[in-house]
Structure formats: structure tokens, C-alpha cells
1. Arrange 38, 169 by Cβ neighbour counts within 10 Å, fewest through most, would you?
2. Could you list 56, 107 in order of exposure, starting from the residue whose Cβ has the fewest other Cβ atoms within 10 Å?
3. Apply the a/c threshold of 1.5 to the C-alpha gyration tensor of the stretch 8-50 and tell me whether it is rounded, prolate or oblate.
4. Which of the residue pairs 97/127; 108/136; 60/136 have a Cα-Cα distance greater than 23 Å in the structure shown?
5. Give me the Å³ per residue figure for the convex hull around the C-alpha atoms of the stretch 72-132.
6. Per residue of the stretch 36-53, in order, report the coupling 6.51 cos²θ - 1.76 cosθ + 1.60 (Karplus, θ = phi - 60°) as ³J(HN,Hα) in whole Hz, putting x for Gly and Pro.
7. Mind giving me the FRET efficiency for residue 89 and residue 25? R0 is 51 Å, r the Cβ-Cβ distance, nearest 0.05 is fine.
8. Among 108, 123, what is the fewest-to-most ranking by other Cβ atoms within 10 Å?
Amino acid sequence: MKRTIKTLAAAGVVAVIMGAGVVHFGVFNVGADEPHSDPVYALLSTARDRSIAVRSRDIKVPDLSDEALIRAGAGNYNSMCIGCHLAPSVAGTELSKSLYPAPPNLSKLGVDGNPAAAFWIIKHGIKSTGMPAWGKSMADPYIWGMVAFLQQLPALDAEQYKALTASSDGHQHGGGETKMHNHEGQHDGQKEAAAGHHDAGGAEEVAESDDHHDDKNSAHLHDEDAAPSQDESTEHAHTEGADAPADQPKTHTHADGKEHTHAK
């Protein structure tokens, strides 16, 4: 018995050391472009599913057939979710194709027969998957609206989806809303930012050109002020000549008392 305990203890120590080595030397690749191995994926998926099941089993599901509730959910889903979870008119986005684990296509899956679990996921999110905890900005009634809409979503075609979202109030969940979360909104924001940057750059170039032009004009005016015209030079020369005193004869007295004058 003691030998068995020692063996298990030694195996545990070795496992801990090996695990620490894997972490320290970066053996595990956390890049989203390399999938988990099958055993790791199965372990994580099972842990996720069991965690959600345990925490959502006591949630009471309200009536999800109310049309106003469904419309409200449609507007919020269209604004906040289609970039990852798609829609009947959206086959795939850069975001949905690049995330790992890949977000489920809710236009086909809906609530997967479990509205309580869908509510819990929307409200609390899922760690290390890219799924946000929308409960930080949305009250429960608005989350139930999204669940109600998701329950109807797989039965909608592109035109029905468009009509339903158009009849909604859009991105509205009682406060805390920010700019569009959907894929199209992200690209619109990038285009606006690029256009703004281009306009700013153009304005800077124009301003720089104007400054350069002003500098040249200023230098030209300065040169004109500094260099007098030919007439001014001539007049200045005449003036100097007129102002200069004429040379006067010099007179001095010799030792014999006679004055002697020297002409220039």
C-alpha cells in the first residue's frame, strides 16, 4: 500500500513538473489559426457544455411568442450579432471566419432547443471564445428579446429577415448602446476613418502649400523693400551730393606774417 502511494505521489510530481515545463517553454500554441488537438477540444467542449447546463437549469423561460419582444430582439441581433453569428442574407464574414472556436451560425441553429441556455450564454458570455457578456450592458428583458428572435430565426429567409429587422427599433436596449457592432458597421467605420484621414492629409498639404506660397510672397516683398528702384538710387545719390559741403580754400599764415591761400 505504501509503495502504491509513493508511486502515485512520484507520478503526480512528475506530471506537475512536465506541466510546468510545457507552460514555461511555450509548447502549447495559443494561436487562433491552429486548432486544438481532438482530446483538448473534446475536454474543453465538455467542460463548457456542462458549465452552461448546470448554471442555466433553474432559469425560468418567459413567453417568447410576443411579437414586440421578437421585433426588439431582431433589431439588437442585427446590430450586435451578425458579424459573428450571421443571418439568412450573410453567408460569412471576416470575423466569423477568423475566430476560433468558430462561432455557431445562429441563422441555422437558433437556440438549439434550449432557450434557457441561450439566455445564459448571451448574458454571461463564454471565456476565451470571443463571446461577450452582454449582460453588462443589457437588462434581462432585452436579452429575452434576442432569445425570442433566435427561436424564430432559422425559419426566416433573407427577405423575411430584412423586413423584420426593418420593422424594429434597431440597436436599442435601454441604455449603454454604442456604435454598430455588426460586420458592415465595422467596415463603414473604417471607411469613414480612412476618408477622414485622407481629407486631413489633403488639408495639411493645402495648408503647407499656402504657407510655402506666403513665405515666397513675403520674401519677395522683403526683397522689393530692401532693394530700392533705380530712380530712388539716383535720387538718393543726388541728395547725398547736394548735402555734401563744397571744398573750401585753405589759408594759413607764414612766419613772416603773410597769409597764404592754397586752392584745392
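Taken together, the values in this text are just the output of simple stated rules run on the coordinates, not laboratory data. Computed from a predicted structure; not experimentally measured. Using ideal geometry, Cβ is built from the backbone for each residue, glycine included, and neighbour counts are taken over all protein chains shown.
1. Result, fewest neighbours first: 38, 169.
2. 56, 107
3. oblate
4. 108/136
5. 87 Å³
6. Values per residue, Gly and Pro as x: 5, 5, 4, x, 5, 4, 5, 5, 5, 5, 5, 4, 5, 4, 5, 4, 5, 4 Hz.
7. Efficiency, from the Cβ-Cβ distance: 0.60.
8. So the residues, fewest neighbours to most, are 108, 123.
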